[in-house]
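Below is one structure, written out as structure tokens, with a few remarks after it.
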Amino acid sequence: MDVQETGGTVEPDHPLLHRQVRDPRTGRCGKLVAVLHETLGYADGRERSTLTAYLRGVDGLEFTAAAATLEAV
């Protein structure tokens, strides 16, 4: 299995962009500042990708979460 990293593109139309959200996996809350469609690579001839959310927590530190699981606060 050959995997190659290729980067990603910004998703400007996410419905929760610039709103306060919660990551249910970790329980952390923050402002959704960006969503990036990231290509994880190619395996067995198929593209592997994900939507990664970038959030700024109330402590000012930024963290990532799965964009599909975010909840509005």
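Data overview
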item: Cut-off under 5 Å, modelled amide H: who pairs with Glu11 long-range; result: Val35, Leu36, His37
item: Full-extension gain in nm, Tyr42 to Val73, via 0.36 nm per residue minus C-alpha separation; result: 7.6 nm
item: Listed candidates (i) 4.2; (ii) 6.0; (iii) 5.4 - label of the one calculated as mean projected area of the Cα convex hull in nm²; result: (iii)
item: Phi-based couplings in Hz for region 63-73 (Karplus 6.51, -1.76, 1.60; Gly and Pro marked x); result: 8, 10, 8, 6, 4, 5, 9, 5, 10, 5, 9
item: Size of charge dipole - the chain - debye, nearest 20, with Cβ of Lys, Arg +1 and Asp, Glu -1, no other charges; result: 380 debye
item: Surface per residue (accessible, 1.4 Å probe) for the chain, Å²; result: 68 Å²
item: Taking the chain and dividing mean pair separation by its residue count, relative contact order in percent (alpha carbons under 8 Å, at least six apart); result: 32 percent
item: Highest-fluctuation residue, Glu62, Glu11, Glu47 considered, GNM on the chain with Cα pairs under 10 Å; result: Glu47
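The values are calculated or read from the model by the stated rules, or taken from the named source; none is laboratory data. On a predicted model such as this, the values are computed, not experimentally measured, just so you know. Using ideal geometry, Cβ is built from the backbone for each residue, glycine included, and neighbour counts are taken over all protein chains shown. Accessible surface is based on the protein model in full, side chains and every heavy atom, while ligands, DNA and RNA are left aside. Shrake-Rupley method; radii C 1.70, N 1.55, O 1.52, S 1.80 Å.
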